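Presented below is the structure to which this report refers.
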2 protein chains.
Amino acid sequence: MTINRQIVLNSRPVGAPTLENFRLVESKIPVLAADEVLLRTMYLSLDPYMRGRMSDTPSYAPPVELNAVMVGGTVARVEASNHADFKVGDIVLSFSGWQDYAVANGASLNKLSPTLAQPSIALGALGMPGFTAYMGLLDIGQPKAGETVVVAAASGAVGAIVGQIAKLKGCRVVGIAGGADKCAYVVDELGFDACIDRKNSDFAAQLAAACPAGIDVYFENVGGAVFDAVLPLLNVSARVPVCGLIASYNDSQLPAGPDRMGMLMSTLLKKRIKMQGFIIFDDYGHRYGEFFTAMSEWLAAGKIKFKEDRVDGLENAPAAFIGLLEGKNFGKLVVRVAD
Amino acid sequence: MTINRQIVLNSRPVGAPTLENFRLVESKIPVLAADEVLLRTMYLSLDPYMRGRMSDTPSYAPPVELNAVMVGGTVARVEASNHADFKVGDIVLSFSGWQDYAVANGASLNKLSPTLAQPSIALGALGMPGFTAYMGLLDIGQPKAGETVVVAAASGAVGAIVGQIAKLKGCRVVGIAGGADKCAYVVDELGFDACIDRKNSDFAAQLAAACPAGIDVYFENVGGAVFDAVLPLLNVSARVPVCGLIASYNDSQLPAGPDRMGMLMSTLLKKRIKMQGFIIFDDYGHRYGEFFTAMSEWLAAGKIKFKEDRVDGLENAPAAFIGLLEGKNFGKLVVRVAD
């Protein structure tokens, strides 16, 4: 227990990350100071935003430094505590990153209810992805009953929640996902009205056919060719929350022309469309309680379903993360680091 | 008085409009039916949006048909009336288009106060351009005291009002205009903190220097190279009301690459920016009264100044409109059709 395995950023990727961009190192566990807590990582969340942190181009958050531990949300168990609010055995939500153990100030931790059947849900439906879905859809998207909501990456951690909330609000909901198995899950298990496989050669035509009244809200997780198919279908007064653009995260240069930037702006003008980016905790941190109450009720009532894609072993996190960027996960990707 | 001169759309422009796209025709004035009013056009408003109506590509409003009268807002005098609410001599705001006379149903007209010293202001600060500035800035832009507001086409009918309202709200206001004379007017007469000439070779560097704290609200009237200089200066949580894109109205094809559409979306995401198009009467028609009250008070108190660029003679409207698209006007462009 005195050895801490950590996965650090070994080098910055050019294009798609490779295993060589990561390195597993071992270090000793520090001694606890006052108010500090020693955490054993149980679950590590893997999320697309981490690709941005591997690069040092300007973004909304500083990059991970070379040779520093990769960042990430975690569910952890308290192993030792110098903080009055935490005792050994407590389960907490933390931001410990890709490592077995971490020392945290108690003030940075949120204790999870011991009644949670599956504590890793705090990294999914009840955590950052669920909160992202909830606020992006409801606050920026403002869906109204009867409207058509299209959700990119519909089987993913955020998209799956977006679509189910939109169904609860009375919308027609069309998902976009990569693969027939994901599309079947989105319709059969999550209850979307339709789901289009972006890998089909006639994807754009299928999407248009699934949206006979156009698109009123498009929840953007992907960009690239998916957005190209969505753009001509957007209705007057459409809303486009921009949550992620995974199709371009590995791009090291701009795509070839023509330059469609002005065309996009012209479409926003002619159709009076709102397009808005957001970063969940920066923009909506003060409304977490509202989300947590609503989502807890929906989950308890079985109104929102949630699928986890679980990988075993911290050492497998880099390969799992690379697969996430390639769309290989099916559901919210977490690494089980310890039981 | 029985002859009505009309300017009709002779052909659709390819690229910049030319005089050949317009044709002056003469017709008889129709006989009035019940509830109808005969109007003599006094002032015709010329506005950039009219370029869109000359093309038959999809837009927010149907195009002007070939050989139909060009559309436009007008201030007119009642010459004859079959409507109980209007009598000969009343001055009204109408949408009569590019012609000497028009017949209108009384229900479509707004009577102007006889106390208006300059009735053409109903086509400018107190009309569509002022309303556009007011709602785009205040409702979409949401400027806060101390923030930096940048206004494109700052000496134009909309931009001049945007900047003055932003000053009233306590913002640092930087205009962008084409030419030293316009920039001097924007600073010296309208009270903007700075105005940058977009024709300067180091325009982008000058704009950056004038916005040391970045840009919080960018009121977009122009697009093209002006937006290129603005984009890297936008702050986290910036708001971009998209009111017009005059730089590209004459484009018949997309500019050469690379394709920056994804880069724009990525910037919206990373910086959590809201970009929103709007069409004033469609989106905000129900709030006209609020605007009219506020603007009337500001004008009466001398807090908002307004410059008109007046051209004499209906027959000169086509050339004046072509000049408007080239930035040759200085202030709100109106045609004096009759006294």
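The values are calculated or read from the model by the stated rules, or taken from the named source; none is laboratory data. Source: prediction; values computed, not measured. All Cβ positions, even for glycine, are placed from backbone atoms using ideal geometry, and neighbour counts span all protein chains on display.
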Taking only the stretch A:223-263 into account, find how many residues are in contact with a Pro (Cβ under 8 Å, 6 or more places away or on another chain), under 14 Å from B:Met265 (Cβ atoms) and touching a residue at least 12 places away in the same chain (Cβ under 8 Å).
3
From A:Gly327, A:Gly289, A:Gly313, residue being without any contact (Cβ under 8 Å) to a residue 24 or more places away in the chain and not assigned by TED's automatic domain parsing to the domain that holds A:Ala160:
A:Gly289
In the stretch B:204-222, the residues that are in contact (Cβ under 8 Å) with a residue 40 or more places away in the chain and in a loop (DSSP other than H, G, I, E, B)
B:Cys211, B:Ala213, B:Gly214, B:Asn221, B:Val222
Could you list, in sequence order, all residues of the stretch B:80-97 that are surrounded by 15 or more Cβ atoms within 10 Å (Cβ to Cβ) and either of a type in the set (Asp, Glu) or farther than 21 Å from B:Ser120 by Cβ (or both)?
B:Ala80, B:Ser81, B:Asn82, B:His83, B:Asp90
Out of the residues in the stretch B:7-35 meeting the condition of being over 22 Å from the mean Cα position of the chain (by Cα) and at pLDDT 95 or above, tell me which one is farthest from B:Pro318 (Cα to Cα).
B:Glu26
Residue list for the stretch A:283-298, filter: more than 13 Å from A:Met128 (Cα to Cα) and either buried (at least 18 other Cβ atoms within 10 Å of the Cβ) or within 7 Å of another protein chain (Cβ to nearest Cβ) (or both):
A:Trp298
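A:Ser96 - would you say it is more than 14 Å from chain B (Cβ to nearest Cβ), of a type in the set (Ser, Thr, Tyr) and part of a loop (DSSP other than H, G, I, E, B)?
On the way: more than 14 Å from chain B (Cβ to nearest Cβ): yes; of a type in the set (Ser, Thr, Tyr): yes; part of a loop (DSSP other than H, G, I, E, B): yes.
The answer is yes for A:Ser96.
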Identify all residues within the stretch A:242-282 that are facing chain B (nearest Cβ under 7 Å), over 14 Å from the mean Cα position of the chain (by Cα) and farther than 23 Å from B:Asp139 by Cα; write none if there are none.
A:Ser248, A:Leu254, A:Pro255, A:Ala256, A:Gly257, A:Pro258, A:Asp259, A:Arg260, A:Met261, A:Gly262, A:Met263
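Working carefully through the options B:Ser45, B:Ser59, find the one that is small (Gly, Ala, Ser) and over 28 Å from B:Ala84 (Cβ atoms).
Details: B:Ser45 fails: over 28 Å from B:Ala84 (Cβ atoms).
Answer to the selection: B:Ser59.
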Hey, A:Asp56 of a type outside the set (S, T, N, Q), touching a Lys or Arg at 6+ places or on another chain (Cβ under 9 Å) and at pLDDT below 95 or not
yes
Give all pairs with beta carbons closer than 8 Å in which a residue from the stretch B:28-57 that is touching a residue at least 40 places away in the same chain (Cβ under 8 Å) meets a residue that is of a type in the set (Lys, Arg) and assigned to a loop (DSSP other than H, G, I, E, B); count only pairs at least 6 apart in sequence or on separate chains.
B:Met54/B:Arg12; B:Ser55/B:Arg12; B:Asp56/B:Arg12
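Could you please let me know if B:Ala61 is surrounded by fewer than 19 Cβ atoms within 10 Å (Cβ to Cβ), of a type in the set (A, V, I, L, M), under 16 Å from the mean Cα position of the chain (by Cα) and under 30 Å from A:Leu234 (Cβ atoms)?
Details: surrounded by fewer than 19 Cβ atoms within 10 Å (Cβ to Cβ): yes; of a type in the set (A, V, I, L, M): yes; under 16 Å from the mean Cα position of the chain (by Cα): yes; under 30 Å from A:Leu234 (Cβ atoms): yes.
Yes, satisfied.
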Which residue is farthest from the chain's Cα centre (by Cα), if the candidates are limited to the stretch B:208-241 and must be under 19 Å from B:Gly163 (Cα atoms) and of a type in the set (Val, Ile, Thr)?
B:Ile215
Filtering the stretch B:182-225 down to residues that are of a type in the set (Asp, Glu), away from every other protein chain (no Cβ under 14 Å) and closer than 13 Å to B:Ala153 by Cα yields B:Asp197
Can you list the helices (runs of 4 or more DSSP H) lying wholly within the stretch A:99-193 that have 1 or more residues being touching a Cys at 6+ places or on another chain (Cβ under 8 Å)?
A:128-135, A:180-188
Can you tell me which residues in the stretch B:126-142 are surrounded by 24 or more Cβ atoms within 10 Å (Cβ to Cβ) and at pLDDT 95 or above?
B:Pro129, B:Gly130, B:Thr132, B:Ala133, B:Tyr134, B:Gly136, B:Leu137, B:Gly141
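Name the strands (runs of 3 or more DSSP E) wholly within the stretch B:229-339 that hold at least 2 residues that are over 27 Å from B:Leu39 (Cα atoms)? Talk me through it step by step, then tell me what you get.
Numbers: elements: B:234-242, B:274-277, B:308-312, B:332-336.
Passing ranges, in order: B:234-242, B:274-277.
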